[in-house]
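Enquirer: Mind having a look at this structure? Questions to follow.
The values are calculated or read from the model by the stated rules, or taken from the named source; none is laboratory data. In this text, all values refer to a predicted model and were calculated from it rather than measured experimentally. Because the Cβ atoms are built from the backbone with ideal geometry, glycine has one as well, and the counts that use them run over all protein chains shown. Accessible surface is based on the protein model in full, side chains and every heavy atom, while ligands, DNA and RNA are left aside. Shrake-Rupley method; radii C 1.70, N 1.55, O 1.52, S 1.80 Å.
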Amino acid sequence: MQTKLLINGQLVAGEGASQAVLNPSLGSVLVNINEASAAQVDAAVMAADAAFDSWSQTVPKDRAQLLLQLADVIDANAEALARLESDNCGKPYSAALNDELPAVADVFRFFAGASRCMGGSAGGEYLAGHTSMIRRDPLGVIASIAPWNYPLMMAAWKLGPALAAGNCVVLKPSEQTPLTALKLAELAAEIFPAGVINILFGRGPSVGQPLVTHRK
């Protein structure tokens with residue numbers, strides 16, 4: 001099992017308290033993982049902020065290409081991801097493999113296409129000799145916290161639109177069902193520039209709250 005965090009393009013062990021991740025169908029411990037420390041939360045946010053200047057200026061076709069690569073890698077690792085999802089969530093393996101994994105890959109393919117369709121719309125002529133329009137620009141660093149159900153799909157829903165729009169992301173999956181998100185971190189680290197995607201593990205009070213209240 002991949003149990004490391006993704007911070008600034010590197011897979012690193014958590015430096016915080018150890019937390020047990022369970023198989024809910026058996027009530028047994030699958031693995032113990034150290035959550036992110038306060039310093040690691042800070043490092044992830046700062047890495048995303050540093051990567052934003054470059055990533056936000058990456059042209060849509062290049063962002064789309066990386067999202068498509070991630071979708072292909074998910075397809076190639078579908079059996080391993082489905083097994084992790086089944087063990088960690090208690091869902092039948094066949095359902096995870098045949099129902100969820102194709103849909104997860106499709107989320108990234110959908111937003112790969114959407115990244116090339118974000119042009120501004122004409123807003124009308126409000127002053128002679130001038131044209132008004134809507135311009136869509138990325139916001140910056142997105143802090144995302146996902147719940148325990150459909151964990152890999154939730155990660156895709158969080159990452160896909162934010163990355164397609166040129167934002168950088170720090171994602172915290174549920175501490176109850178983090179295993180597929182952490183595996184996704186390993187796969188994404190080989191595709192995206194350092195800092196664009198950061199994935200942390202930990203509980204709400206110790207990792208989630210510092211993440212959403214972070215001030216750089």
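Enquirer: Taking the Cα centre as origin and putting +1 on Lys and Arg beta-carbons and -1 on Asp and Glu beta-carbons, what dipole magnitude results for the chain, to the nearest 20 debye? Walk me through the numbers on the way to the answer.
Expert: Working: 15 positive and 19 negative charges, 77 e Å.
The dipole of the chain has a size of about 360 debye.
Enquirer: Based on alpha-carbon centroids, what's the gap between region 136-162 and region 183-212 in Å, whole number please?
Expert: 11 Å
Enquirer: Just to verify a number: FRET efficiency for residue 116 and residue 83, C-beta to C-beta distance, R0 = 41 Å, to 0.05?
Expert: After rounding, the FRET efficiency stands at 0.75.
Enquirer: Roll a 1.4 Å probe over the protein chains and send me the accessible area per residue for region 1-118 in Å².
Expert: Value returned for region 1-118: 48 Å² of accessible area per residue.
Enquirer: Take peptides 96-107, 56-67, 39-50 and line them up by average Cβ neighbours within 10 Å, highest first, as a rough protection proxy.
Expert: Working: 96-107: 18.4, 56-67: 16.6, 39-50: 20.9.
Result, highest mean first: 39-50, 96-107, 56-67.
Enquirer: Taking only protein heavy atoms into account and a 1.4 Å probe, give the accessible area per residue of region 122-179 in Å². Let's see the in-between values first.
Expert: On the way: 2980 Å² over 58 residues.
Result: 51 Å² per residue.
Enquirer: Starting from the Kirkwood radius over alpha-carbon pairs of region 44-94, derive D by Stokes-Einstein at 4 °C in a medium of 1.567 mPa s and give it in µm² s⁻¹. Spell out each step's value before the answer.
Expert: On the way: Rh = 13.5 Å.
Stokes-Einstein gives a translational diffusion coefficient of 96 µm²/s.
Enquirer: What do you get when you divide the Cα radius of gyration of region 32-148 by 2.2 N^0.38 Å, with N the number of residues? Please report the intermediate quantities before stating the final value.
Expert: Values: Rg = 19.7 Å, N = 117, 2.2 N^0.38 = 13.4 Å.
Normalised Cα radius of gyration, region 32-148: 1.47.
Enquirer: Compute the signed sum of charges (Lys and Arg +1, Asp and Glu -1) over the other residues within less than 14 Å, Cβ to Cβ, of residue 152.
Expert: Values: positive: 83, 91, 158, 183; negative: 75, 79, 85, 87, 99, 100, 106, 186.
Its environment carries a net charge of -4.
Enquirer: So, one more: Compute, for residue 142, the solvent-accessible surface of its heavy atoms (probe 1.4 Å) with the complete set of protein chains present, and express it in square angstrom to the nearest 10.
Expert: 50 Å²
Enquirer: Given a 1.4 Å probe and heavy atoms of the protein chains only, how would you sort 215, 116, largest accessible area at the top?
Expert: Numbers: 215 185, 116 155 Å².
My answer, sorted largest first, is 215, 116.
Enquirer: Listed highest first by mean packing, meaning other Cβ atoms within 10 Å per residue, what order do 150-158, 8-16 come in?
Expert: On the way: 150-158: 22.4, 8-16: 16.0.
Ranked from most to least packed, the peptides come out as 150-158, 8-16.
Enquirer: What translational diffusion coefficient, to the nearest whole µm²/s, does region 97-208 have by Stokes-Einstein, given a Kirkwood radius computed over alpha-carbon pairs, a temperature of 4 °C and 1.567 mPa s viscosity? Let's see the in-between values first.
Expert: Values: Rh = 15.7 Å.
Translational diffusion coefficient: 83 µm²/s.
Enquirer: Right, another one. Under the rule of -39500 (n - 2.57) per DSSP H run of 4 or more residues, summed and divided by the residues of the chain, what mean residue ellipticity at 222 nm is obtained, to the nearest 500 deg cm²/dmol?
Expert: After summing the helix terms and dividing by residue count, I get -13000 deg cm²/dmol.
Enquirer: Beyond 22 Å, how much of the Cα-Cα pair distribution for the chain remains, as a whole percent? If you can, show how the numbers build up before the last one.
Expert: On the way: 11475 of 23220 pairs.
That tail contains 49 percent of the Cα-Cα pairs.
Enquirer: Less than 24 Å apart at the alpha-carbon level, and either on another chain or at least 8 residues along: which lysines does that give for residue 172?
Expert: Once the sequence-local lysines are set aside, what remains near residue 172 is 4, 91, 158, 183, 216.
Enquirer: Another question, if that's okay. Of the heavy-atom accessible surface of the chain (probe 1.4 angstrom), what whole percent is carbon and sulfur?
Expert: On the way: 5500 of 10240 Å².
Carbon and sulfur together cover 54 percent of it.
Enquirer: Pull out the extension gain between residue 1 and residue 148, defined as 0.36 nm times the separation in residues minus the alpha carbon to alpha carbon distance; nm, one decimal. Write down the numbers at each step before the final one.
Expert: Numbers: separation 147, 0.36 × 147 = 52.92 nm, distance 1.80 nm.
Extra length available between residue 1 and residue 148 comes to 51.1 nm.
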